Each structure stands twice: as C-alpha cells, then as structure tokens.
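Engineer: Submitted below is the structure of interest, expressed as structure tokens.
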Amino acid sequence: MDILVVLENRNGALHRMSLEAIAAAQSLARDLNLTVAALAWGPQAKDLAREAATKRVDEVLSLEHELLEKYSSDGYAEAIKQVIEQEAPRYVLVGHTYMVRDYFPKVSARIRKPFVGDVVAYRIEDGSPVFTRQVFNAKLVVDVAPQVAPPVLVSFQSATFQADAVEAGTAPVRDITVALEAEQIKTQSEPPFQEAAGDVDLSSAEVIVSVGRGIGKEENIPLAGELAEAMGAELGSSRPVVDAGWLPSSRQVGSSGQSVAPKLYFALGISGAIQHVVGMKGSKNVVAINKDPEAPIFEIADYGVVGDLLEIVPKLTEAIKEQS
Amino acid sequence: MKIAVLVKQVPGSESALRVGTEEQWVDESALDFEMNESDSYALEEALLIKEKSAAGGEVVVVSMGPPERTPKVIREALAKGADRGIHIHEEPPYENDPFLIAGIFASALRDEQFDLLLSGLQSADLATGQTGVILGEFLEMATATLVMATELQDGSIKVKRELESGWSQWITLPLPASITIQSGLNQPRYPSLRGIMGAKKKEIKVLSKADLIAGNTPLQSWERLYVHKKEKRTEMIEGDLNQVVDQLVNVLRTEIKVL
Ligand SMILES: Cc1cc2nc3c(=O)[nH]c(=O)nc-3n(C[C@H](O)[C@H](O)[C@H](O)COP(=O)(O)OP(=O)(O)OC[C@H]3O[C@@H](n4cnc5c(N)ncnc54)[C@H](O)[C@@H]3O)c2cc1C
Ligand SMILES: Cc1cc2nc3c(=O)[nH]c(=O)nc-3n(C[C@H](O)[C@H](O)[C@H](O)COP(=O)(O)OP(=O)(O)OC[C@H]3O[C@@H](n4cnc5c(N)ncnc54)[C@H](O)[C@@H]3O)c2cc1C
C-alpha cells in the first residue's frame, strides 16, 4: 500500500482522532491516486480491525502480540518500525494524540525518516504534499516539506479532518506479525488512573466564566469569581492558571482537563491554544475578552471584545448586578 | 546524579510577531525572549532532584542559540542553581528539523554520560515536541514524555505521565533516561541575589553547531513562514468602556439569554 494509517484504541473502539486520520488518508489517496491500509493493533486489535473494515480503505492490517497488550513507547515504536519495513508505505498517518507524541519521535529516530507533527493542512505541490504546521503559539504557520525519500510520518491536529467525513466501505483484513522481545522494552508501566475528580463537574454547567493567564496575578482571580457569582456561573480556567496554583486543577478546561459544553463560555484573557479549545469548542456561545486582536480565540468566539479585562470585568459585574 | 537540562529561548508570549524578510524566521529585532515555559519547569525539577538526592550531583544547563542572546537564558538557569552551562553557538539560519537538532545535542552530550536528561515537552516556537525523545533514542536512553511528577529510585526513575482527559500513568525508567516535562509539576523558583552574583563565576562551555552537525542534513525543512489567514466569524463589540459594557450586557441578556 501507499498510505498506512496507524489506529488507536479508545475503550475498545477507534479513537476519534484515528477516524480523523482515516479521513485524512482518504483525502490524500484521492489527491494522489494512492492506496490506503489501516493498522489495527494492540489490545482489542480484532475489534478495531472489524470497525476499520467498515471504512473505505483498501486493506486492514491486524496485528496482535502479547507485548503490545500494554502500551510502552519502546514496544510500540519497534512494532511500527517493523510494519513500515515490511509494508513499505510512502506515508504513515496518525492523529496527534498524547500517545503519538510519546512514541512517534522514537519511530522517526529509528527509521531516520521525518516526523511532521501536529499538521493542520496539506496541499499538493508538483505531485507531492507540503504540510502546514502551527508555530509560535499558533500565531504563524509554516509549510514543511520532507527532504528525504519516503516514508514520511505525519500526525494531524485534532479536527483538521472530520471523523464524520470518513467514507464507508468494506475492506479485507490481513493478519500480520512482528518480532518483539521483552528486553526491547526498557520501561515498566502501572495501570492508567484518573486523577481525583475534585469538587466541580464543569461538564454540566450552563455558564462558565473561564480565566486565562491574562488575569495577570492570583490577587485578580476574585474579579472573575465575582462576575461568575453575579451570573450564576462556574469558574473555569486554562492550564497556566492551574499550573501557577491560582485555581485547583478541577477547574482546568482542555485536552488534559475537562471537556465542557455550556450555553455560554466566557473566556477572559485566554489566547485560544488548541489544547484549550478542544475542551470548550462544544460550547453553544463563546464570548471572549482579550487585549490582543490577533489572539486565536477570536477565530472561534461568537462575540469578542479587544480590551483590558481588568477594566471591563468589574464594570460588567456591576452592571449585571444592577440588572437583577 | 549527573543531570542535563535543555532550555531554550523563545519569544515571550506577548511578543508581536512579524515574519522576517526571507519568510524563514521571525524578525527578531523587536522581540523579547524568555525561557520556554516547560523548560523552566524542567530546570526546577532537575534542581529539586539534585537537592533531594543524598549523593548530591550536578545540574548542567544546555542551550543552543545565537551568542547575542542565548547566554542570558543560561545565566538565568545558573542563577537559579544550575552548576554549569553548555552553549552551542548557532548563527542564523537556525535548524528547524527536530531530528537534526537532537543529533546536534547528542554529539554535544554523548561523552558526558548523563544519568538524566530533562527537557520541555515542546517549545513555544517550533512546537514539535520531539527533541527530548529523539535525543534519548540517540543516546540509548529510556524515554518518557509529558511528565507531571518524578521519584528518583535506586538506578531508576519513576515518573507520572499525563494521558488525555485527566488520566495519568506511573512508569519506571531505568537510568540513564530522557524525560520531557509538562508544565505545572512544580513551582519554578526565582533566582536569589546570591544566585545571580554566583552565576557570574560559573563555567559556560562553548561549542559550535557547525562542528557538531558533522555533515548531517535535515529530514524535513521549512519552506515558508507566514500569517495564516483567519476565518473571522467573531462579532466584535467596540466603543468606550461604558458602551462595551452596555453592549455585553445586552448580548448576554437578549442574544445568549443567560441573564
Ligand atoms: C500536551 C499539552 C496539553 C495541554 N493541556 C491543556 C489544557 O488541558 N488546558 C489548557 O488550557 N491548556 C493546555 N495546554 C497549554 C496550552 O497549549 C496553552 O499554553 C494554554 O492554554 C494557554 O493558556 P492561556 O490562554 O491562559 O495563556 P496565554 O496563551 O498566555 O494567553 C493569555 C492571553 O491573555 C491576554 N491578555 C493578557 N493580559 C490581558 C488583559 N489585561 N486583558 C485581556 N487579555 C489579556 C493575552 O493577549 C493572551 O492572549 C496544554 C499544552 C500541551 C502541550
Ligand atoms: C529559524 C530558526 C531559528 C532558531 N532559533 C533558535 C534560537 O534562537 N535558539 C535556540 O535555542 N534554538 C533555535 N532554533 C532551533 C530550533 O528552535 C530548534 O529546532 C528547536 O529547538 C527544536 O524545537 P522543537 O520545537 O522541535 O523542540 P521541541 O522538541 O518542541 O522542544 C522540546 C524541548 O527540547 C529542548 N530544546 C529544543 N531546542 C533546544 C535548544 N535550542 N536549546 C536547548 N534546549 C532545546 C527544550 O527543553 C524544549 O522545550 C531555531 C530554529 C529555526 C528554524
């Protein structure tokens, strides 16, 4: 095959970002007239293979091995290296998941081929794809081109392609094998666990007033707290606010925190980084106050104010209190 | 314990970025640089590991960048308590292929036989998040990414890795190991006045990228840097402070209906 999509398992089904990677592969295959294979592997490989075989791909590869039952970066990188050597794809596509962040650079190091990560778009130039990545806190983008013979490893940022755009089909499943030894795995892992849930469940909140680093310092947090109180809202936050210890981690919204879908998400001094946005993009309405007119939050907000939140928020709280 | 920390200067998050003339990098003339966020957590973790380990040890701060500005970030780390520095001189055009960059660090660090390499999980500018893993691979170390806690043990290190959506996992790595640090696992210290004075006397070894690169060429490279055209769908609320507040209240009440 020409394109290999490496799938990821989430609770026995395909990870949403693996579906998005299949959509990416179908798109690239159309543009360049290439064939696609999807690799189902790891625990529950059979279930993943069955699900992948209902998509329009040329072939599904199914790989089971006892050393792949549990994730390890060494084992997974070694397995993918061997699959790439056996199947000789030109493109290896994945979603940019936390797991991919962990083991794909290793694959790149081992096969000495480029890993173009967290791609947000591609276009074809002279018959080859050029990949676009975000740099400088997503304020700029850069076009990146491989400089060596195939394969190239590519991961796509969340929502670059749509999971529901995947075309259905029926694909044959082929079992493949790799040779892994326990000694190749340097690390030992314990079972994953969920951090103590904390005091709040933001996922059911109607209104969230969310605080970003733009609040400036811990002493200013009450400004947002008072607005939240006046609106009957829960307080949310971006990661840096939690990192600094200004709010507890149970308030964090984003890829490593909670996912929320309130009627209103009121973003105060939040730039709109992808890892934050994935946690709040289901909100019905987004209102943002940010002093930087170029902040990416203004690409997704419904209403925006360019200004100093430290000036606006107290006035707004006052006005809302007067209303009620 | 011999620990190396990779720290890198990146434009401050409030910097106004302008694409430079060659469309290959930003115009640096108007930029303020600061230590990459996750790197400052990596540095703090290295200092804490050293302070906690009975046998003591050494923390070596390593940075690649141009001689005009990079010494500042190395001095900052020395002032916080790192023992010595290594500065890899790099003149523009800067490398942007993480494989090649990791290779440069591998040549610089291989002979030093570090027990532990700490780096940030990704840099604010290139944001590939690959350097620490590839470097670990080149130096035949165990690797782990997105680390939120560390516990040094005899001959190994146990780390808590962040997974998606609030999940975590502990894994144990034999030493030597290369781990990339996620922000928030500690509270980075400020340098003391004594630290700042003492930093001036600490050694910074200078190496040159040209020597370390040893004829290697990139696997991927930047074609063009540009401003992405945004789909603006945000309705902007404008006016003086009172007008903005009035309009916001109005939107919240009549459009979004949450008041
Ligand atoms: C693997 C990984 C996981 C991550 N997980 C998460 C996550 O779960 N959640 C999360 O939020 N982030 C997460 N991040 C971090 C994320 O990439 C961003 O760094 C973070 O979201 C930025 O937070 P921020 O918008 O508050 O801060 P910044 O990006 O620093 O933005 C601050 C904003 O405030 C504005 N501002 C400053 N002063 C004022 C003022 N007075 N008035 C108005 N506006 C002002 C600025 O213009 C700026 O836009 C993760 C990163 C990685 C790599
Ligand atoms: C045009 C251009 C200009 C550049 N200018 C600079 C510069 O001024 N200074 C500079 O240091 N590099 C510079 N580089 C090198 C470039 O930043 C490296 O390619 C880059 O560090 C790799 O970044 P990354 O986002 O892939 O790293 P990531 O893998 O995202 O970074 C992870 C971590 O690796 C460590 N790390 C990465 N690079 C360095 C480094 N250079 N020094 C110390 N630790 C590091 C840090 O701990 C960082 O958090 C430049 C590159 C280009 C293309």
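The values are calculated or read from the model by the stated rules, or taken from the named source; none is laboratory data. The shown structure was predicted, so the numbers you read here are calculated from the model rather than taken from an experiment. Positions of Cβ are generated from backbone atoms using ideal geometry, with glycine treated the same way; all protein chains shown enter the neighbour counts. Accessible surface is based on the protein model in full, side chains and every heavy atom, while ligands, DNA and RNA are left aside. Shrake-Rupley method; radii C 1.70, N 1.55, O 1.52, S 1.80 Å.
Engineer: Considering (1) within 16 Å of ligand 2 (Cβ to nearest atom); (2) open to solvent by 10 Å² or more (accessible area, probe 1.4 Å), say which one B:Ile179 fails and leave the rest.
Structural biologist: (2)
Engineer: Going by the structure shown, is B:Pro218 within 7 Å of chain A (Cβ to nearest Cβ), over 30 Å from A:Asp308 (Cβ atoms) and out of contact with any strand residue (DSSP E or B) (no Cβ under 7 Å at 6 or more places or on another chain)?
Structural biologist: yes
Engineer: Now a separate question. Select from the stretch A:3-25 the residues that are more than 10 Å from A:Ala38 (Cα to Cα) and either free of Cβ contacts under 8 Å to residues at least 60 places away in the same chain or not assigned by TED's automatic domain parsing to the domain that holds A:Phe156 (or both) and list them in ascending order.
Structural biologist: Our first condition is that a residue be more than 10 Å from A:Ala38 (Cα to Cα); within the stretch A:3-25, this holds for A:8-17, A:19-20, A:23-24.
Across the stretch A:3-25, the qualifying residues are A:Asn9, A:Arg10, A:Asn11, A:Gly12, A:Ala13, A:Leu14.
Engineer: Then there is this: Of the residues A:Val141, A:Val173, A:Val135, A:Val152, which single one is surrounded by fewer than 20 Cβ atoms within 10 Å (Cβ to Cβ) and facing chain B (nearest Cβ under 8 Å)? Lay out the reasoning, then the answer.
Structural biologist: Values: A:Val173 fails: facing chain B (nearest Cβ under 8 Å); A:Val135 fails: surrounded by fewer than 20 Cβ atoms within 10 Å (Cβ to Cβ); A:Val152 fails: surrounded by fewer than 20 Cβ atoms within 10 Å (Cβ to Cβ).
Of the residues listed, the single one that is surrounded by fewer than 20 Cβ atoms within 10 Å (Cβ to Cβ) and facing chain B (nearest Cβ under 8 Å) is A:Val141.
Engineer: Looking at (1) within 11 Å of another protein chain (Cβ to nearest Cβ); (2) modelled with pLDDT under 95, find the lone condition where A:Gly127 falls short.
Structural biologist: The number of the failed condition is (1).
Engineer: Examine the stretch B:77-90 for a residue that is under 21 Å from B:Leu139 (Cβ atoms), within 14 Å of chain A (Cβ to nearest Cβ) and either in contact (Cβ under 8 Å) with a residue 24 or more places away in the chain or within 14 Å of ligand 2 (Cβ to nearest atom) (or both), and state whether such a residue exists.
Structural biologist: no
Engineer: Given the criteria without any contact (Cβ under 8 Å) to a residue 60 or more places away in the chain, away from ligand 2 (no atom under 13 Å from the Cβ) and out of contact with any Asp or Glu (no Cβ under 8 Å at 6 or more places or on another chain), does B:Asp115 qualify? Can you show your working first?
Structural biologist: Working: without any contact (Cβ under 8 Å) to a residue 60 or more places away in the chain: no; away from ligand 2 (no atom under 13 Å from the Cβ): yes; out of contact with any Asp or Glu (no Cβ under 8 Å at 6 or more places or on another chain): yes.
No: the conditions fail for B:Asp115.
Engineer: With the condition kept exactly as written, say whether any residue in the stretch A:256-275 is within 12 Å of chain B (Cβ to nearest Cβ) and touching a Phe, Trp or Tyr at 6+ places or on another chain (Cβ under 9 Å).
Structural biologist: The answer is yes, given that some residue of the stretch A:256-275 is within 12 Å of chain B (Cβ to nearest Cβ) and touching a Phe, Trp or Tyr at 6+ places or on another chain (Cβ under 9 Å).
Engineer: Now for a separate question. Could you list, in sequence order, all residues of the stretch A:232-247 that are open to solvent by less than 20 Å² (accessible area, probe 1.4 Å) and part of a helix (DSSP H, G or I)?
Structural biologist: Within the stretch A:232-247, A:Val241, A:Asp243 qualify.
Engineer: Pick from B:Ala199, B:Ala210: which is modelled with pLDDT under 95 and open to solvent by less than 80 Å² (accessible area, probe 1.4 Å)?
Structural biologist: Values: B:Ala199 fails: modelled with pLDDT under 95.
Sole residue among the options that is modelled with pLDDT under 95 and open to solvent by less than 80 Å² (accessible area, probe 1.4 Å): B:Ala210.
Engineer: Tally time: how many residues in the stretch B:25-47 are assigned to a helix (DSSP H, G or I) and of a type in the set (D, E, K, R)?
Structural biologist: Going through the stretch B:25-47, the residues assigned to a helix (DSSP H, G or I) turn out to be B:28-30, B:37-47.
Restricting the remaining residues to those that are of a type in the set (D, E, K, R) gives B:28, B:37, B:39, B:44-45.
Qualifying residue count, the stretch B:25-47: 5.
Engineer: Does B:Lys50 satisfy the criteria of being modelled with pLDDT of 95 or more, within 28 Å of B:Ser107 (Cβ to Cβ), open to solvent by 40 Å² or more (accessible area, probe 1.4 Å) and more than 16 Å from ligand 1 (Cβ to nearest atom)?
Structural biologist: Details: modelled with pLDDT of 95 or more: yes; within 28 Å of B:Ser107 (Cβ to Cβ): yes; open to solvent by 40 Å² or more (accessible area, probe 1.4 Å): yes; more than 16 Å from ligand 1 (Cβ to nearest atom): yes.
Spelling it out, B:Lys50 is indeed modelled with pLDDT of 95 or more, within 28 Å of B:Ser107 (Cβ to Cβ), open to solvent by 40 Å² or more (accessible area, probe 1.4 Å) and more than 16 Å from ligand 1 (Cβ to nearest atom).
Engineer: Moving on. For residues in the stretch A:88-107 being touching a Gly at 6+ places or on another chain (Cβ under 9 Å) and not aliphatic (A, V, I, L, M), which is nearest to the other protein chains (Cβ to nearest Cβ)? Reasoning before the result, please.
Structural biologist: Start the filter on the stretch A:88-107 by keeping residues that are touching a Gly at 6+ places or on another chain (Cβ under 9 Å), which leaves A:96, A:100-101, A:103-106.
Checking which are not aliphatic (A, V, I, L, M) leaves us with A:96, A:101, A:103-106.
Details: A:His96: 9, A:Arg101: 6, A:Tyr103: 8, A:Phe104: 8, A:Pro105: 4, A:Lys106: 5 Å.
The residue in question is A:Pro105.
Engineer: What's the total number of residues in the stretch B:148-167 that are within 10 Å of chain A (Cβ to nearest Cβ) and open to solvent by 10 Å² or more (accessible area, probe 1.4 Å)?
Structural biologist: 10
Engineer: Still on this model: Right, B:Arg194: in a helix (DSSP H, G or I), charged (D, E, K, R) and open to solvent by 50 Å² or more (accessible area, probe 1.4 Å) or not? So that I can check it myself, show each step before the final result.
Structural biologist: Details: in a helix (DSSP H, G or I): yes; charged (D, E, K, R): yes; open to solvent by 50 Å² or more (accessible area, probe 1.4 Å): yes.
Against the criterion (in a helix (DSSP H, G or I), charged (D, E, K, R) and open to solvent by 50 Å² or more (accessible area, probe 1.4 Å)), B:Arg194 qualifies.
Engineer: Another question, then. Taking the options B:Glu14, B:Glu37, B:Glu91, name whichever one is more than 16 Å from ligand 1 (Cβ to nearest atom), open to solvent by 10 Å² or more (accessible area, probe 1.4 Å) and not hydroxyl-bearing (Ser, Thr, Tyr). Please lay out each step first, then the result.
Structural biologist: Numbers: B:Glu14 fails: more than 16 Å from ligand 1 (Cβ to nearest atom); B:Glu37 fails: more than 16 Å from ligand 1 (Cβ to nearest atom).
None of the others qualify; the one that does is B:Glu91.
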